[in-house]
Every structure is written in structure tokens, then in C-alpha cells.
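K.L.:
Mind having a look at this structure? Questions to follow.
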Amino acid sequence: MNTELLGAQRLAELIREVSGIALDPEQLVAESEETYEELGVDSLARMELFTALEDIYGIDIPEEITSRMSNPAQTISLMNALTQAEAA
């Protein structure tokens, strides 16, 4: 299991890989309320993103958690909470 914390830079790279959309990591942090849809990331790309995160971190992300990940800031926060809980 990967216990490295997820940061804005890594999340921006993953978003680019799954959606082709290049986002500035600073934008993900500065505009923390902007949803994936507002950033141009569709629902299929979001599911691919969450699958990639599961693969990278070696954890299953429950549906009730992914449904709360409506923007990058929430994704970073929830993924870091999950990885820290798994490591404990």
C-alpha cells in the first residue's frame, strides 16, 4: 500500500492522464470549491481518476466516499484521510 499523501501536483497529473485536461495545481488549491464539472472533467473521467487512485494507493474507495469527492480539494482531503487510516 502506498502511504504517500496526495497533493495538488499529483492530482493534476492524474486528471491530465484520464481526461486530457491540463490544470494548474495552484488552481486546484486556490479555487477549492470549483467542481470537477466546472473544470471540464466529466463523470467518466472522474470514475477513471478514482480507479487510478485505488490502483496507486492499493485501497478500495467506497462509493459513499467517491460520491462526496465532487471537487479536487475534497479528493485530496478524503484520499489523504483514507491512506492515513489504512496506514494506522
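K.L.:
What length, rounded to one decimal in nm, is gained on full extension from Asp24 through to Ala85, with 0.36 nm per residue of separation minus their alpha-carbon distance? Please list the in-between numbers first.
P.N.:
Working: separation 61, 0.36 × 61 = 21.96 nm, distance 2.85 nm.
Gain on stretching Asp24 to Ala85: 19.1 nm.
K.L.:
What angle, in degrees between 0 and 90 and rounded to the nearest 10, separates the Cα long axis of helix 43-57 from the longest principal axis of the Cα atoms of the chain?
P.N.:
Taking the Cα atoms of the chain, the angle to 43-57 is about 30 degrees.
K.L.:
Which whole-angstrom value gives the distance between the alpha carbon centres of segment 2-53 and segment 56-83?
P.N.:
Using only Cα atoms to place each centre, the spacing works out to 12 Å.
K.L.:
Which Cα, out of Gln84, Ala8, Val29, lies furthest along the positive dipole direction of the chain (beta carbon charges, K/R +1, D/E -1)?
P.N.:
Ranked along the dipole, the leading option is Gln84.
K.L.:
OK, next. When the dipole is taken about the Cα centre of the chain, and only Lys, Arg (+1) and Asp, Glu (-1) are charged at their Cβ, what size is it in debye, to the nearest 20?
P.N.:
Once rounded to the nearest 20, the dipole reads 160 debye.
K.L.:
Also: Counting each DSSP H run of 4 or more residues in the chain as -39500 (n - 2.57), what helix-only mean residue ellipticity at 222 nm follows after dividing by all residues, to the nearest 500 deg cm²/dmol? Don't skip to the answer; put the middle values down first.
P.N.:
Numbers: 5 runs with 53 residues, N = 88.
Roughly -18000 deg cm²/dmol at 222 nm, from the helical runs in the chain.
K.L.:
Glu34 to Arg16: extension gain in nm, 0.36 nm per residue of separation minus the Cα-Cα distance?
P.N.:
4.8 nm is the gain from fully extending Glu34 to Arg16.
K.L.:
How high is the relative contact order of the chain, in percent, with contacts defined as C-alpha pairs under 8 Å that are six or more residues apart?
P.N.:
40 percent
K.L.:
Right, another one. Can you give the direction-averaged projected area of the convex hull of the alpha-carbon atoms in segment 8-87, in nm²?
P.N.:
Over all viewing directions, segment 8-87 projects a mean Cα-hull area of 4.7 nm².
Laboratory data are not the source of any read-out in this text; all were calculated from the coordinates shown. Because the structure is predicted, anything quoted here is derived from the model rather than measured. Glycine also receives a Cβ, built like all others from the backbone with ideal geometry; neighbour counts cover every protein chain displayed.
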